[in-house]
1. Would you be able to tell me the number of residues in the stretch 65-120 that are crowded, with 20+ Cβ neighbours inside 10 Å and β-branched (Val, Ile, Thr)?
2. Check off (1) part of a loop (DSSP other than H, G, I, E, B); (2) touching a residue at least 60 places away in the same chain (Cβ under 8 Å) for LEU574 and give me the number that stays unchecked.
3. Report yes if THR600 is over 29 Å from the mean Cα position of the chain (by Cα) and within 17 Å of LEU693 (Cβ to Cβ), otherwise no.
4. Looking only at the stretch 170-212, how many residues end up being part of a strand (DSSP E or B) and of a type outside the set (Phe, Trp, Tyr)?
5. Identify all residues within the stretch 441-461 that are of a type in the set (A, V, I, L, M, F, W, C) and more than 20 Å from TYR112 (Cβ to Cβ); write none if there are none.
6. Of everything in the stretch 158-183, what is under 22 Å from the mean Cα position of the chain (by Cα) and more than 24 Å from ILE86 (Cβ to Cβ)? Give them in sequence order.
7. Working carefully through the options LYS540, LYS536, find the one that is buried (at least 20 other Cβ atoms within 10 Å of the Cβ) and basic (Lys, Arg).
8. Can you give me the number of residues within the stretch 152-169 that are part of a loop (DSSP other than H, G, I, E, B) and either farther than 25 Å from VAL441 by Cα or among the hydrophobic types (A, V, I, L, M, F, W, C) (or both)?
Amino acid sequence: MTSKLNSSDEVDMKVLWQHKAVFITLAVWLFVGLVLPADTKAQFVRNNIEYNMQTASLDEDSTLLFSPYFEVKKFNFFNANLLFEIAPGHYYPDTSSYSPPGPYGMLPDMTYPGDFNNDGLEDLAMQWVVFPHTTVRENLIPVDILINDGEGGFKLFMDYTNDQSLRHMPYRMRVGDFNGDEYDDLVSASMGVITRLADGSYFDYWEPFPVVVSNGDGTYRDATREVEGQEDGTPISTFGFAHDLSMGDVNGDGYDDFYQGRHFLVSNGDGSFSNQSDLLPEEFAGNSGKYSWNMSTEIADLNNDGYGDIIAMYADREYREWLPSENRWDSGLTPSGNIWMSNGAAYENRTIIPIAEGWYDTEKSYGEYNTRFNYTVSYDVNLDGWLDIVSGVTRIAPYYIGSHIQIFESQQGESFIDKTTEYIEFTDEMDELWGEGNMQVRDANNDGILDLVHTKSQEGIRVFLNDGNRLHMVPGSQFPVVQSWHVEGGYPDKPPKEPNVENNYIFPVQIDGKGPLDYISFTSHYSNIFYTMIGKKPLKTQAPEYNMVITEGQSPDTTLNGNYHRIGWEAQSLVDAVTIKWSTEADFSSQVDSVIITDTTYTYLSDLSTNQTYYWQLRGWNNMGSTDWTDIRQFTTGIITSNDAEEFPNTYELGSNYPNPFNPITTITYSLPRAEYVRLDVYDVAGKHVQTLVDGVMRSGSHSVVFDGSQLSSGLYLYTLQTSEFRSTKRMTLVK
């Protein structure tokens, strides 16, 4: 059997997590201190968490969340918050820094998809994290399961046949099959508690890692005590903490095994696990003085022989002067990690394959290398049929600054070479971003090629789209992230002056079972309020190649008979949206308005002043870039006489089209009491969608839009106006 990690490893781990907690703890404490409600009641309390306690809705600023690719579909389908508890004062990262008592805060740290009710829809396992995490507290937390309700949201699963395990800090998580019953199961690693005391020493408290297993009838049980060494509810005697967790079928029996904290647990096929850590070589075992603790691990069949191989990426590669000479590693030759590679059998004749230097190791100083492999997955980047190794990497110093991915390309399973720069181009800002996060391999844009989804703090998410040759990065700024100013009563209620807004984690999940990948995220408003982002259009892997071609309204100078102007353009396969802007000044110093069009190749500029010259131009764009703006064109509206002064509307209204009947053009009017997202659609009498006239954010006031039926047959048509709070349908007749 293995023994505990050496004391130096434990100290390194403590410092890592204390530094990591500084930024998040301060943010959580500030938030709770500002907006904690004086009197709220939870819908129910379970396992020290208040669920669905908060009633909240989006305000009119949420109209700015418009995206061609995602729709914020269901806001506040679920919310959760830790029971109120004050954390004691504590020291971190060392005794020179003391934080006074303050409230604990809970955030979702990771999700993992699975089908936990065997209905074919993706559900979620959700892992929480509480900050500060370095103190012993009363309110421990579970790993939760959220069931897809089939209506765009999720609900908390509660049908357990025994009590759930509660922990100070579950960490990392994987979903797999432990008993072959067609329901997914899950396991989480455990960090325990590592508290720095005033004299510089540590108080350590280790906890067993939780396991949740299906009973095969729609219920689940906590199977933590079904792990060899955890039968009495305490951790395995040689187990301390685990920053890593990996899962896969190592011995080829069809059941998932797992490896964490330098311990190897083999599935018995019934939801229980045997501790087989004594099979591990010293590069992977817990009793080695040569190798650091594991920062991240992965299990995958790297050489296509039907058996899972274990990848261990070490926390550091420092040269340890205190080690006896026979146990010292050679600082210039020590690998960043090792692979325990199978050779056509479960355990016999396995070999050790080293992994190359880390991304930041060229910055080494004082004999210490500088890469931390925060998370690792197996992923066939070049589609050659051999799984490669991809790690999310950051720096040891400055602590957790930098956020890259590093790609070790498989040489047909025999070795792995750093080929990062051949597959991806990085931006300079990535060297300055916070490096915490986790990764999943998913088909994000529904093109049949797996992509890499990097869920991370600060940005929320990065998606690396694979076009078959390279990876193309889509930043979190392309996602409609709900901030406090989008929520009724949110604080702050206005966007900050600085544009660098930090996002909460964005987690991938296929909610509706079709189309591009969907996502969930959360905003903090008294508690963690979750919302869904449904994929509308697939993200692109390249920017538009050609500038836009104007087909209507192309005259550089036009005089109109009325106060609307039709503009048209040629469609492009790489253009997902068109932005049109118009102004009364040729240099656009006084911009009147702009609109984003996503579903048609023409629009009408309306709500224009009479007897006025306007200047306009447009450009097409997608998530990877945009075309140039077209040349500036202009038009002048005609004079319309009216004795009626327009009143500011205080209600929603969809007006009757005029003229009606019409041939082939008619005008539809509508009024909005506030700025918000609007759709105006035309249907035939059979309910078939004919055309979208408006799809975007419109200002408050009265609006008009022109409908052109020249390509349609005579008959009765319906037009529907829909906002977040209003829906109305009216009829119109086309007579030719």
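The values are calculated or read from the model by the stated rules, or taken from the named source; none is laboratory data. Everything numeric in this text was worked out from a predicted model, so none of it was measured. Methodologically, a virtual Cβ is constructed for each residue, glycine included, from the backbone with ideal geometry; neighbour enumeration extends over all protein chains shown.
1. Of the residues in the stretch 65-120, 2 are crowded, with 20+ Cβ neighbours inside 10 Å and β-branched (Val, Ile, Thr).
2. (2)
3. When the stated conditions are applied, THR600 passes them.
4. The total comes to 19.
5. The answer is ILE449, and nothing else.
6. Answer for the stretch 158-183, where residues must be under 22 Å from the mean Cα position of the chain (by Cα) and more than 24 Å from ILE86 (Cβ to Cβ): ARG172, MET173, ARG174, VAL175, GLY176.
7. Being buried (at least 20 other Cβ atoms within 10 Å of the Cβ) and basic (Lys, Arg) holds for just one of LYS540, LYS536, which is LYS540.
8. Taking the stretch 152-169 and keeping what is part of a loop (DSSP other than H, G, I, E, B), we get 152-153, 157-159, 161-166, 168-169.
Restricting the remaining residues to those that are either farther than 25 Å from VAL441 by Cα or among the hydrophobic types (A, V, I, L, M, F, W, C) (or both) gives 157-159, 161-166, 168-169.
Adding up the residues that qualify gives 11.
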